[in-house]
1. What pairs come up if the first residue lies in segment B:131-142 and is near ligand 2 (Cβ under 10 Å from one of its atoms), the second is outside any helix (DSSP H, G or I), and their beta carbons are under 6 Å apart, counting only those six or more places apart or on different chains?
2. Looking at B:Val228, B:Val220, which is the one that is within 24 Å of B:Asn85 (Cβ to Cβ) and within 13 Å of chain A (Cβ to nearest Cβ)?
3. Of all residues being over 18 Å from B:Gly113 (Cβ atoms) and without any contact (Cβ under 8 Å) to a residue 60 or more places away in the chain in segment B:253-271, which is nearest to the other protein chains (Cβ to nearest Cβ)? Just the residue, please.
4. Of the residues that sit in segment B:129-146 and are over 10 Å from the mean Cα position of the chain (by Cα) and away from ligand 1 (no atom under 12 Å from the Cβ), which one is nearest to B:Tyr169 (Cα to Cα)?
5. Restricting to segment B:151-194, count the residues that are farther than 20 Å from B:Thr241 by Cα and away from ligand 2 (no atom under 14 Å from the Cβ).
6. Looking at B:Val16, B:Val46, which one is assigned to a helix (DSSP H, G or I) and more than 27 Å from B:His181 (Cβ to Cβ)?
7. Could you check how many residues of segment B:158-180 are surrounded by fewer than 16 Cβ atoms within 10 Å (Cβ to Cβ) and farther than 19 Å from B:Gln240 by Cβ?
8. Of all residues in segment B:177-217, how many are free of Cβ contacts under 8 Å to residues at least 60 places away in the same chain and either acidic (Asp, Glu) or away from ligand 1 (no atom under 15 Å from the Cβ) (or both)?
Amino acid sequence: MQKIPIDLARSGMKLARPVVKEGGMTIMAEGMELTDSLIARLQNMKIDRITVQGHPVEMGGAGAGTKYAERMERMSVLFRRYGEDKWMVRVRDRMAQYFKIKAAAQEARQKAMESMETEPDEHGGSGENTMETEA
Amino acid sequence: MDEDLKTIVKGKILQVADLPTLPTVLEELTSLMADPDASSEAIAKVISRDQVLSAKVLKMVNSPIYGFPGRISSIQHALVLLGFNVLRGIIISTSVFDMMVMSMKGLWEHSLGCATACNIIARRAGFEDPEEYAVAGLLHDLGKVVTAVQLPDLHDQIVSTVQSKEMTYFQAEKDVMGFGHDRINAWLARHWGLPPNIREAMARHHAPHLAEFYKPMSCVVHLGDFLVRLFEFGNSGDDQTAYLRPEALIELKFKMSDLDKVMDEMAEQFIEVSDVTF
Ligand SMILES: [Fe+2]
Ligand SMILES: [Fe+2]
């Protein structure tokens, strides 16, 4: 799950959270797949952020969009003071292992997303999509 | 360092309560707190009078940090669900952080992240009223903010010591002032009449094994601070991890696998929490 600015939304992404207007009205349900026309509609409605499934966008800076591979690499920096401390070394290695597993899962998901994008959309492609793509 | 410096620093720190930027509401609330007959209606009325503050408080209590996302519609409602202590903690932290401009935005995020982690940890440990743990997490580094506001010169010295001596912020504070924000937290908490459990957690989050009366809450905040640094969500003033006291895990009856679960939940919630800005 990743919260992204609407400018980075692309057709094929799926909503991980419903899109809700300020007053609380739901505009689009969770699980819905975005198309170019839906994205344009959201932009018109001044929705500036949406939450989509997976982690499709690489955004700079630390913070909310946790990139586990990066976390894993940071462990040796964060624990640099405690290289001699048995307990803290154990903690560090355990935490690095946690992020490693998460990073692997994240990478696998990303690969799956990418292969979905490059594959020609023959099975169950939405009509809307073919109508709007120019050759 | 010497007693004189400590007395001067303490005096200057506690003057923060007189700053005109702090809402007058806070003073009224502190005195209402002393009155055992004060009703929640009376308290809600005092808070609601300050519309800017009420809006901020409502935004905060509706974040996932306190466990009722998007479901609290009024101050009165928040008082019933979260209690007076939690609300007062939120008012203190938002007001104090408000005085800081952008330079300390990272510490605000660090505090929000810690509050989130504390709620998750407290629930996993099976403690009642996890929102009280969350607000203790929110307030845990308040002493750093107040030092920066009241004693900008000392603050600058601390920041440059972090760099030049490769120290953690906490060590640098002790290097410069002779004591850390844990001590300052204790002064502030007493000054604002915060309840003893939150006060001790604020004062003991770097040494939870020394907590006398409220060890569980001190351990929750200690672990929350450790984990939020691990994710580097926000910025606590240095780029090192804090020492994780094994006693804290023992106190909470946590195994390493419990930490995995807590971290999973933290990652999920950080996406939402990063939105709680002013
Ligand atoms: Fe701290
Ligand atoms: Fe901290």
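1. Matching pairs, first to second residue: B:His140/B:His205.
2. B:Val228
3. Residues of segment B:253-271 that are over 18 Å from B:Gly113 (Cβ atoms), as a first pass: B:253-258.
After this cut, where a residue has to be without any contact (Cβ under 8 Å) to a residue 60 or more places away in the chain as well, the list is B:255-257.
Numbers: B:Lys255: 11, B:Met256: 5, B:Ser257: 10 Å.
Top of the filtered list is B:Met256.
4. Restricting to residues being over 10 Å from the mean Cα position of the chain (by Cα) and away from ligand 1 (no atom under 12 Å from the Cβ), the top hit is B:Val146.
5. 20
6. On the way: B:Val16 fails: more than 27 Å from B:His181 (Cβ to Cβ).
None of the other options fit; the residue is B:Val46.
7. 1
8. The qualifying residues number 9.
Read-outs: derived from the displayed coordinates by stated rules, not from any lab. As the structure is a computational prediction, the values presented were derived from the model and not from experiment. Here Cβ is always computed from backbone atoms with ideal geometry, including for glycine, and neighbour counts include all displayed protein chains.
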